[in-house]
Amino acid sequence: MSQFTVQDTSQIITPGLLVFREQLDENLQHMIQIAGDAARLRPHCKTHKTQQVVSLQLEHGIDKHKAATFAEAEMLAETGVKDILLAYSLVGANVPRAVKFVQQYPDIDFYVTADHRVHIETLSAAMSDAGTSIGVLLDIDTGQHRTGIVVGDEAAALYQLIHDCEGLVPGGLHVYDGHQHQESRDERKAAIDIEWDKVIAFRDGLRDKGLDVSRIVAGGTASFPVYAEKDDPSIELSPGTCVYNDGGYSSRFPDMVFPSAVRLLTRVISRPTSDRITLDLGYKAAASDPPAGHRFVFPDLPDAKEVLQNEEHLVLETSQAENFAPGDEVYAIPWHICPTSALHKQIYVVADGEVVDAWPIASRDRWLTI
Ligand SMILES: Cc1ncc(COP(=O)(O)O)c(C=O)c1O
């Protein structure tokens with residue numbers, strides 16, 4: 001029997017998301033081992049959005065955490081995290097939410113990112129009006145061109161502005177590099193190193209001007225091992241996906257040995273033709289950002305082709321279709337776990353082949369109370 005199956009599935013509502021505790025623990029330990037020390041990590045909670053995973057990380061000595069939404073930041077705060085980076089630049093209604101957050105959690109070191117004077121000036125006005133303050137990291141663009149500013153004079157002027165603005169405390173640099181997804185570890189490292197040298201030169205220039213740049217928050221699953229090798233005490237490593245890991249990352253980065261700790265349990269609901277089975281695994285239960293036809297790995301059905309997916313149906317073509325009847329179960333590894341988690345109210349926890357718990361995916365919502 002595979003290590004990633006459940007003996008008694010009778011209570012599992014499908015499609016159900018499962019996490020295998022032993023593998024989760026191994027992935028956590030492996031992440032810390034790569035980092036060299038739990039204190040060097042600032043993992044992103046967007047992958048699991050779950051208090052119980054954060055508690056495990058705290059038990060392992062991982063005190064600094066990263067979030068992308070206020071709901072995630074609030075979930076972290078409610079779990080007892082005292083150092084939170086909301087790696088998002090705030091506009092609109094998120095600006096007063098930041099004020100509310102720092103007022104509600106005065107004992108938490110709380111940071112956000114910014115890459116434009118609008119973010120900095122708006123946040124400064126809101127914080128100083130409220131008589132409070134917030135840490136701000138300058139978001140650096142090292143080539144992904146999603147957010148951030150390229151290092152240079154304009155970026156230095158923005159960092160100076162953060163320093164000069166009332167209610168803001170300069171917290172360092174944020175360097176997320178989700179474009180560095182080269183399959184070859186050597187090519188990935190070479191590309192990262194070119195950008196890193198520029199970031200370090202920029203950081204040193206700011207320090208020469210007397211500005212405090214106490215941290216550089218860098219990397220995701222594919223790149224944090226490269227940053228981990230650098231001997232710079234200001235680096236904080238921010239992988240997200242590897243605690244659970246998914247089909248996409250497992251197949252793309254052969255150097256990253258993080259077996260997926262999650263499965264989707266799904267049931268056959270129909271067998272419409274002799275070579276097709278239909279599962280209760282629509283795109284309301286699994287991330288649909290991977291292209292149609294490539295959203296899962298089926299470890300026990302290696303020839304399965306995803307031929308049609310609707311909201312609550314996934315049709316597979318497989319030479320094994322005739323072996324299946326309605327009610328039979330199939331395990332799938334989602335290609336992209338982070339948006340998949342957000343589609344589930346809870347994750348079933350499996351230890352030693354048994355369901356032992358169900359953890360609420362607490363911050364899958366856009367807002368909790370703040
Ligand atoms: C800003 C930021 N930091 C860290 C991560 C974690 O990266 P990964 O999921 O590759 O581990 C992400 C992922 O989207 C991100 O957007």
| said: Treating only the Cβ of Lys, Arg, Asp and Glu as charged (+1, +1, -1, -1), what charge dipole size does the chain show about its Cα centre? Round to the nearest 20 debye. | reply: 580
| field | Coil-residue chymotrypsin sites (Phe, Trp or Tyr not before Pro) of the range 300-370, DSSP, other Cβ within 10 Å capped at 13 | value | Trp367
| message | I need the phi-derived Karplus couplings for the range 82-87: 6.51 cos²θ - 1.76 cosθ + 1.60, θ = phi - 60°, integer Hz, Gly and Pro marked x. | response | 10, 9, 10, 9, 8, 7
| query | In terms of modelled amide H atoms, which long-range or inter-chain residues lie less than 5 Å from the amide H of Tyr88? | reply | Thr113
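Checking the a/c ratio against 1.5 first, then a/b against b/c, what shape does the Cα gyration tensor give for the range 121-252? Working shown, then result.
Details: a/c = 2.38, a/b = 1.74, b/c = 1.37.
Judged from the Cα gyration tensor, the range 121-252 comes out prolate (a/c at least 1.5, a/b above b/c).
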| remark: HN-Hα couplings for the range 58-72 via Karplus (6.51, -1.76, 1.60; θ = phi - 60°), in whole Hz with x for Gly/Pro, come out as 4, 4, 7, x, 8, 9, 9, 9, 10, 9, 10, 9, 5, 4, 5
| remark: Tilt, helix 21-35 to longest principal axis of the chain (alpha-carbon atoms), in degrees rounded to tens, equals 30
| Tensor-based shape of the range 53-209 (alpha-carbon gyration tensor, a/c under 1.5 rounded, otherwise prolate or oblate) | oblate
| Volume in Å³ per residue [convex hull over Cα atoms, computed for the range 194-279] | 148
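Using C-alpha positions alone, give me the convex hull volume of the range 257-364 per residue in cubic angstrom. Each step should come with its number before you reach the end.
Values: hull volume 12.4 nm³, N = 108.
Residue-normalised Cα hull volume stands at 115 Å³.
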| request: Would you list which lysines come within 17 Å of Lys100, measuring only between C-alpha atoms, while excluding same-chain residues fewer than 8 positions from it? | output: Lys82
| With all pairs of different alpha carbon atoms counted, what Kirkwood hydrodynamic radius in Å does the chain show? | 21.7
| Across the range 92-109, in residue order, what do the Karplus-derived ³J(HN,Hα) couplings come to in whole Hz, using 6.51 cos²θ - 1.76 cosθ + 1.60 with θ = phi - 60° and x for Gly and Pro? | x, 5, 6, 5, x, 5, 5, 4, 4, 4, 5, 6, 6, 10, x, 8, 9, 6
| request: With springs connecting C-alpha atoms under 10 Å apart, model the chain as a Gaussian network and identify which of Thr241, Thr266, Thr318 has the largest mean-square fluctuation. | output: Thr318
| task | Enter the angle in degrees (range 0 to 90, nearest 10) between the Cα long axis of helix 185-208 and the first principal axis of the Cα atoms of the chain, meaning the one along which they spread out most. | result | 20
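Among the trypsin sites (Lys or Arg not before Pro) within the range 277-354, which fall in a DSSP loop and have no more than 15 other Cβ atoms within 10 Å of their own Cβ?
On the way: sites: Lys284, Arg295, Lys305, Lys345; in loops: Lys284, Arg295, Lys345.
Filter output for the range 277-354: Lys284, Lys345.
Could you work out the relative contact order of the chain? I mean the mean sequence separation of Cα pairs under 8 Å and 6+ apart, divided by the number of residues, in percent.
Working: 781 pairs, mean separation 79.3, N = 370.
Worked out over the chain, it gives 21 percent.
So which GluC sites (Glu not before Pro) in the range 146-192 are both in a DSSP loop and have at most 15 other Cβ atoms within 10 Å of their Cβ?
Glu166, Glu183
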| Residue among Ala126, Ala35, Ala157 with the largest mean-square fluctuation in a Gaussian network model of the chain, springs linking Cα atoms under 10 Å | Ala157
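The numbers here are math on the coordinates, done by the rules we state, and not lab data. What you see is a predicted model, and the numbers here were worked out from it, not measured in a lab. A quick note on method: Cβ atoms are made from the backbone with ideal geometry, for glycine too, and the neighbour counts reach across all protein chains shown.
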